[in-house]
Amino acid sequence: MNDRIDAALEKFDAWGVEDEDEFTIPSPVRDAGGYDSAAVYKHSTNEHDHSAYINKTRVPPMVLNYIGQIIQSGRTEYRTAGDFIRDAIIHRLQWWHVNGFPQIDTTLDRVQGELALARMRREQWRELIEVLRGEMSTLGPEHREAMIDVYEHVAALRKRDVPEVLRGDMDRLWGDVVARMRAGGMGAYVDVKDAE
């Protein structure tokens, strides 16, 4: 393979998919004693007397009936449906803290970073396609091994996640590579590879 293609592929592969930063939930309980699965967490404010509202949430009538029965029984510390809901939220957050949380992060910086990375990745795809097209245009029938190298690289790249905006460019490059291989007397090679 020639140095231009090697350099373009090395640069391209350096921008492979990176592991997502894992988003974790800190323990929702800040009490000195830590989390207690049997405790009832019904505080509506934090230690600084701050609180925030959650949208009004609808539940099936049966669930609301069960919550009402628990509160009316007088056998728990719950005095309102809000107490019950706050306690349930704390217990679920603690469960995610212990068991892991789905990897999501919707901060604006993260989204902007992902968009910038996608733009850079598209540019690298575009550059790689142009390098391969340029190199292939210089190859004649006497460059059999180099043509096979270009063919193999383009075939492998087609299986990767080509950005939609560049899929047409990749398909045209593939068509050009196959046509040049056939014109160079390597149609049998292409046919064997297509059959695999």
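Taking the range 60-80 as the range and being in a helix (DSSP H, G or I), among the hydroxyl-bearing types (Ser, Thr, Tyr) and surrounded by 10 or more Cβ atoms within 10 Å (Cβ to Cβ) as the test, only 66 passes. When you go through 161, 176 one by one, which is the residue that is modelled with pLDDT under 75 and either of a type outside the set (A, V, I, L, M) or out of contact with any strand residue (DSSP E or B) (no Cβ under 7 Å at 6 or more places or on another chain) (or both)? Unique residue meeting the criteria: 161.
Do you know which residues across the range 55-87 are over 21 Å from residue 45 (Cβ atoms) and of a type in the set (S, T, N, Q)? Steps first, answer last, please.
Looking only at the range 55-87, we keep the residues that are over 21 Å from residue 45 (Cβ atoms), and these are 58-70, 72-75.
Residues satisfying the conditions are 65, 69, 72, 73.
When residues in the range 50-59 are screened for being among the basic types (Lys, Arg) and surrounded by 10 or more Cβ atoms within 10 Å (Cβ to Cβ), 0 of them pass.
Against the list (1) within 35 Å of the chain's Cα centre (by Cα); (2) among the aliphatic types (A, V, I, L, M); (3) over 21 Å from residue 29 (Cβ atoms), the condition residue 71 fails is (1).
Could you tell me how many of the residues in the range 116-143 are over 20 Å from residue 172 (Cβ atoms) and not basic (Lys, Arg)? Walk me through how you get there before you give the answer.
Applying the first criterion (over 20 Å from residue 172 (Cβ atoms)) to the range 116-143 yields 116-120, 140-143.
From what is left, the residues that are not basic (Lys, Arg) are 116-118, 120, 140-143.
So the count comes out to 8.
The values are calculated or read from the model by the stated rules, or taken from the named source; none is laboratory data. Just so it is clear, the structure is predicted and the values come from calculations on it, not from any experiment. Every residue, glycine as well, gets a Cβ built from its backbone with ideal geometry; the counts of neighbours run over all protein chains shown.
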